[in-house]
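Asker: Got a structure here, written out as structure tokens. Questions coming.
The values are calculated or read from the model by the stated rules, or taken from the named source; none is laboratory data. Keep in mind the model is a prediction, meaning the values are calculated, not measured. No Cβ is skipped: glycine too gets one built from the backbone with ideal geometry, and neighbour counts run over all protein chains shown.
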Amino acid sequence: MKQGIFYGILYVEVIMLIGTVGLELFADPLVGLFAMSQETEGLCVMATKIIAIGFLFAGGNIAMQGVFQALGCGLDSLVVSLLRLLVVVLPLAWLFARLENASFMIWWSFPIAELVAFVAAAWFLWRADRRILKPMEDKEAFAIGRQCAGGRNVCRTDCQAGEEMAGGRRPARQNINMAER
């Protein structure tokens, strides 16, 4: 399961990296498609290039939010969303709008908010690993790959009645509830 999460996040990050590089390289021609003044065009190119930096973190945030929801950690997903879209970005935008170079600085509120949310999401993922994924692996390691005394690789509940598991342990009397895994 951890490998699936790792590769899922990795794939999203690669796709977002391609998107970021694409926007950084082609911001001018892309903005040039729209009819606007030279000054507005310059601001749009600058804003596009700054906001594109945040895509690297946004992709990871969205992927981790999906992982949290799959693991039953909906509150962690909500916190990451609120950090990305409200808690960090709005106060930063308000603060940056008060600066001398507001037309430049205000756009940095987006990548900074994505970075802060990414750090929080990474911490939530680390915590979910310790609280949910690791115990899940321990149950699987206990249930899968055990051998009965006869040498068969079976779940610990599949040994024949009266047959001990390798190492002298008796099999459990109850089946492992698959929903608990």
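Asker: Which count do you get for residues in the stretch 58-101 that are of a type in the set (Asp, Glu) and closer than 30 Å to Tyr7 by Cβ?
Answerer: From the stretch 58-101, those of a type in the set (Asp, Glu) are 76, 100; that's our starting set.
Filter again for closer than 30 Å to Tyr7 by Cβ, leaving 76.
Adding up the residues that qualify gives 1.
Asker: Can you find, within the stretch 37-73, the residue that is surrounded by the most Cβ atoms within 10 Å (Cβ to Cβ) among those that are out of contact with any helix residue (DSSP H, G or I) (no Cβ under 6 Å at 6 or more places or on another chain) and more than 18 Å from Ser103 (Cβ to Cβ)?
Answerer: Among those that are out of contact with any helix residue (DSSP H, G or I) (no Cβ under 6 Å at 6 or more places or on another chain) and more than 18 Å from Ser103 (Cβ to Cβ), it is Ile62.
Asker: Still on this structure, please answer the following. Could you identify the single residue in Leu75, Leu71, Leu92 that is more than 27 Å from Pro135 (Cβ to Cβ) and assigned by TED's automatic domain parsing to the domain that holds Arg127? Reasoning before the result, please.
Answerer: Details: Leu75 fails: more than 27 Å from Pro135 (Cβ to Cβ); Leu71 fails: more than 27 Å from Pro135 (Cβ to Cβ).
Answer to the check: Leu92.
Asker: Please verify whether Phe34 is of a type outside the set (D, E, K, R) and without any contact (Cβ under 8 Å) to a residue 24 or more places away in the chain, treating the condition exactly as stated.
Answerer: Yes.
Asker: Do the conditions hold for Arg131, that is, is it among the basic types (Lys, Arg) and within 25 Å of the chain's Cα centre (by Cα)? Walk me through how you get there before you give the answer.
Answerer: Working: among the basic types (Lys, Arg): yes; within 25 Å of the chain's Cα centre (by Cα): yes.
Yes: the conditions hold for Arg131.
Asker: Filter the stretch 96-134 for residues that are of a type in the set (D, E, K, R) and in a helix (DSSP H, G or I); which is farthest from Val79 (Cα to Cα)? Lay out the reasoning, then the answer.
Answerer: Kept after step one, since they are of a type in the set (D, E, K, R), are these residues of the stretch 96-134: 98, 100, 114, 127, 129-131, 134.
Right, trim to in a helix (DSSP H, G or I) and you get 114, 127, 129-131, 134.
On the way: Glu114: 12, Arg127: 14, Asp129: 18, Arg130: 19, Arg131: 18, Lys134: 23 Å.
Here the answer is Lys134.
Asker: Now for a different question. Taking the stretch 55-76, which residues are farther than 22 Å from Ser109 by Cβ and either touching a His at 6+ places or on another chain (Cβ under 6 Å) or polar (S, T, N, Q) (or both)?
Answerer: Once the filter is applied, which keeps residues that are farther than 22 Å from Ser109 by Cβ and either touching a His at 6+ places or on another chain (Cβ under 6 Å) or polar (S, T, N, Q) (or both), the stretch 55-76 yields only Gln69.
Asker: Another one. Just for the stretch 1-56: of the residues that are among the polar types (S, T, N, Q) and in a helix (DSSP H, G or I), which one is nearest to Met136 (Cα to Cα)?
Answerer: Gln3
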